[in-house]
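Please read the structure below before turning to the comments.
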Amino acid sequence: MTVSFLEGFRALDLTDLSGQLCGRILGDLGMEVIKIEPPGGDPVRNLPPFVESSDGKKLSTTFAHLNAGKASKVLDLDKESDRVAFRKLVETADVVLESSQPGDLDGKGLGYKDLAAINPGIVMASITGFGQSGPKKNFACNDLVALAQSGFLYISGDPSMPPVRPPETQAYYFASVFATAGVLAALYRRERTGQGDHVDTSMQETLATQEHIIRLWANEKQIAKRAGSQHGSVAPARIYPCRDGFVYLYVTRQHWKLFLTVWKDHPAIFDAPDWLNNLYRRAHADELNPAVESFVGQFTMAEITELLQGKGIPCVPVNTPMGFAKDEHVQQRGFMAAVEHAGFGKAKQPAMPFVIDGERIPVKTVPLLDSWSPSYISPAAGERTEGAKRRPSSAESSGNGPLDGMRIVSFDHVLAGPYGTTILAELGADVIKVESSKGGMDPFRFFGTGEDPNVSPRFLEFNRNKRSFTVNLKHPKGQPVLHDLIAKADAVLDNYSVDVVERIGLGYDQLCKVKPDIVNLRMPGLGTTGPKRYFSTVGVNITAFTGLTYLWNHPGVTNPPIGSQTVFPDYVSGVLCAIIIISGVLYRDRQRKGAFIDLAQSEATAFMIGPSLMEAAASGIDPQPIGNASPAAVPHDCYPCKGDDRWCVIAAENERQWTALANILGSAIAQDARFKTMSDRLEHRAELNAIISRWTKSQDAFDVMSRLQQAGVPAGVVQTGEDLTNDPQLKARGFIVEVNNPRLGRVVLPNFPLQFANSKLTRRWEFPVLGKDTEAVLRNVVGYSDEAIKQLRSDGVLE
């Protein structure tokens, strides 16, 4: 039987498309999620693409992906009688999810303060474009505007073309995933204090934490730009053609000599010592890439992948969505699940990317409209909380964030694991990062810094607020020291290659002997099981493996596909890491049972294009990239503005927005029969885009945004790192933070992208100097005496 981490909790889901993934994740983890729909049903039910059953019934893949497993209750919240009914539901709920404009629910008497008066333990999450405060809080915002305003759009795509957004609605999805982590953190605190919270989630801020966009400009005056498929700092690292398609090859310093042994007839010049250096190879990529392309082009995708992976070199096929869904590894792990949907029939769709105790979380049916019945009434939040408050925790809560009292021992490195544990640390958990100075350090400590492991700004950004613990695992006493530490932890995680932890005594069975109720998360690239579990991967080639790179393009750009050089898989996997750790610890606290969780970074990434994978699996035809366009709205694109590489996105998703835009464009446009209705505009998309481009091209991007936003039209400057650093919205919300670091001097970093009404986030932002906290952890956490610590150091166990 599959473990349900969140069984016994209830959520009420008021969200539209922009927030629905949050409830889907909570529901798959065991929470009862009641979807509150308006009369006639959620408009997302009618959103393309559709899959069709043998008897002609249609199912929106977007609706199925975002709402599987929820129940449905129809309420018209514009009516007082239905608002009364909703308030009654709040009495026995734990969570309320919403994505309306700031202030809308307050105007109906359903804001956080109103609901907390009914149920003090309620946790509300609000998912909006810019958050609940600041000068842009009421901007007209959709997925495209959020991507533009966050800086994420600017760095995506081919530099010779307009910036291109990722497929589907990734700003909505990513903010929803982040909001889920905030909800769970607030529940963890609620279980100990009895007090609920309001989680304020800004799409702009969640995306602006990625890719060092703000730090690079604010500290180094570098603007991160689009680079096509070429990696910004590594070569060879890009998409290369094969006989039957394309692969993403990624060769770092540790792989270069191995790569040359496989590439037997390589030019002799590449044997020179200079070519061992990553920076040298990247600087000479124009010389290197044609030779590598000639070598790779001799093989099929499968042949070159097998040849290089046999040497541990990251190389994967650039899959289409269908190629990913049909991959033997994906099929053997059961990621694409056959689901019997009520009122429709069977369809295959991605499951949640968590395997718990060897069992895949099953995908449940989509809800029939207004089908919920209160067959089970959970205890009121206050009653459940009284029981939780009596349960001991690993540390006492002292108000240092909602996760205060949780302790994580982390064997993380590079980005996916460190990003997830940084989220946990920012939320108040005591994260102890374990490394070894004898070959077991996080390589990000040296990113751009030479030989000093304690001065990398990039390392600080995704490892702040953690404690650094070093131990010599090659020493016979090293493993027992780690086991004593783990006995004091709530959870242990790693993102090592699949076979590392058993070799160092940290397999799940070994951990359970130390602490039977430990929560253990492993997050290798392709998971811990399956025929390709040993594949060496990095973020950019995970993107390629899943089909995301194929879809992340302008229409027709598939030969070769370009995609984006962002390491989106690391960020998605990191937030999901935080989610599963918190929910696992909640389960452990209530059930006194631990669990082993297998989170494949490839599945975490593929889950974010679930509707596209579902469409491909049902039709047998690969969906194609659509760039910045929307299948349901025109205009919806990225338009050139005055200046070098300056752009503004503009969208009109309903007739009101179109009328406002047309009036600004001029009376001739407003009266043009080609653009009268949405269907007309969809038919004449190219002509309308050309007209808008001519209008924007001579104007400042910020002026275009300001004028259109004043008229209620979704519009946003495609911001650079410089724009973000100076953004009045981010400044007003305290998101741009300057700190003085004793090692690095003045450092400007993005703040944490969630705000809480009742929880204070206390940040140290000290550099986690290698081994700085080892003795303090052994003394204050493990309970070793000063004499024992001194002996361990004398014996060479501590580094």
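Quick notes on this one:
- Of residues in the range 12-22 being touching a Ser or Thr at 6+ places or on another chain (Cβ under 6 Å) and either part of a loop (DSSP other than H, G, I, E, B) or open to solvent by 10 Å² or more (accessible area, probe 1.4 Å) (or both), the one nearest to ALA351 (Cα to Cα): GLY19
- Residues in the range 710-762 that are of a type in the set (Val, Ile, Thr) and part of a strand (DSSP E or B) were compared, and the one that is modelled with the lowest pLDDT is VAL739.
- Cβ pairs under 7 Å, 6+ apart, first in the range 524-544 and closer than 20 Å to GLY420 by Cβ, second among the charged types (D, E, K, R) and assigned to a helix (DSSP H, G or I): GLY527/GLU603; GLY539/ASP570
- A single entry from SER4, SER99, SER72 fulfils the requirement of being of a type in the set (Ser, Thr, Tyr) and open to solvent by 40 Å² or more (accessible area, probe 1.4 Å): SER4.
- Candidates LEU115, LEU216, LEU144, LEU184, filtered to the one that is of a type outside the set (S, T, N, Q), under 16 Å from the mean Cα position of the chain (by Cα) and on the phi < 0 side of the Ramachandran plot: LEU184
- Among (1) crowded, with 24+ Cβ neighbours inside 10 Å; (2) not in a helix (DSSP H, G or I), the one test that PRO162 misses: (1)
- Tally, over the range 23-67, of residues that are in a loop (DSSP other than H, G, I, E, B) and either surrounded by 24 or more Cβ atoms within 10 Å (Cβ to Cβ) or hydrophobic (A, V, I, L, M, F, W, C) (or both): 4
- Elements of the type helices (runs of 4 or more DSSP H) sitting completely within the range 213-304 and holding at least 2 residues that are more than 30 Å from ASP727 (Cα to Cα), touching a Gly at 6+ places or on another chain (Cβ under 8 Å) and touching a residue at least 40 places away in the same chain (Cβ under 8 Å): these cover 253-262.
- Filter result for ARG190 (under 18 Å from the mean Cα position of the chain (by Cα) and either buried (at least 24 other Cβ atoms within 10 Å of the Cβ) or modelled with pLDDT under 95 (or both)): no
- Taken together, the residues in the range 83-96 that are farther than 30 Å from PRO362 by Cα and either among the small types (Gly, Ala, Ser) or buried (at least 17 other Cβ atoms within 10 Å of the Cβ) (or both) amount to 2.
- Conditions (1) modelled with pLDDT under 95; (2) out of contact with any Gly (no Cβ under 6 Å at 6 or more places or on another chain); (3) over 22 Å from PHE767 (Cα atoms); (4) in a loop (DSSP other than H, G, I, E, B); number of the one not met by GLY334: (1)
- Within the range 638-666, the set of residues being open to solvent by 20 Å² or more (accessible area, probe 1.4 Å) and in contact with a strand residue (DSSP E or B) (Cβ under 7 Å, 6 or more places away or on another chain) comprises PRO640, TRP647.
- Enumeration of residues in the range 343-377 that are among the hydrophobic types (A, V, I, L, M, F, W, C), assigned to a loop (DSSP other than H, G, I, E, B) and closer than 29 Å to VAL572 by Cβ: PHE344, ALA351, MET352, PHE354, ILE361, VAL363, VAL366
- When ARG746, ARG779, ARG694 are checked against the criterion of being more than 25 Å from GLN204 (Cα to Cα), out of contact with any Pro (no Cβ under 7 Å at 6 or more places or on another chain) and surrounded by fewer than 13 Cβ atoms within 10 Å (Cβ to Cβ), ARG694 stands alone in meeting it.
- Of all residues assigned to the range 102-119, at least one qualifies as being free of Cβ contacts under 8 Å to residues at least 40 places away in the same chain, part of a loop (DSSP other than H, G, I, E, B) and open to solvent by less than 10 Å² (accessible area, probe 1.4 Å).
The values are calculated or read from the model by the stated rules, or taken from the named source; none is laboratory data. Since the structure is predicted, the reported quantities are computational estimates derived from the model, not experimental observations. A quick note on method: Cβ atoms are made from the backbone with ideal geometry, for glycine too, and the neighbour counts reach across all protein chains shown. With ligands, DNA and RNA removed, areas are computed over all heavy atoms of the protein, side chains included. Shrake-Rupley method; radii C 1.70, N 1.55, O 1.52, S 1.80 Å.
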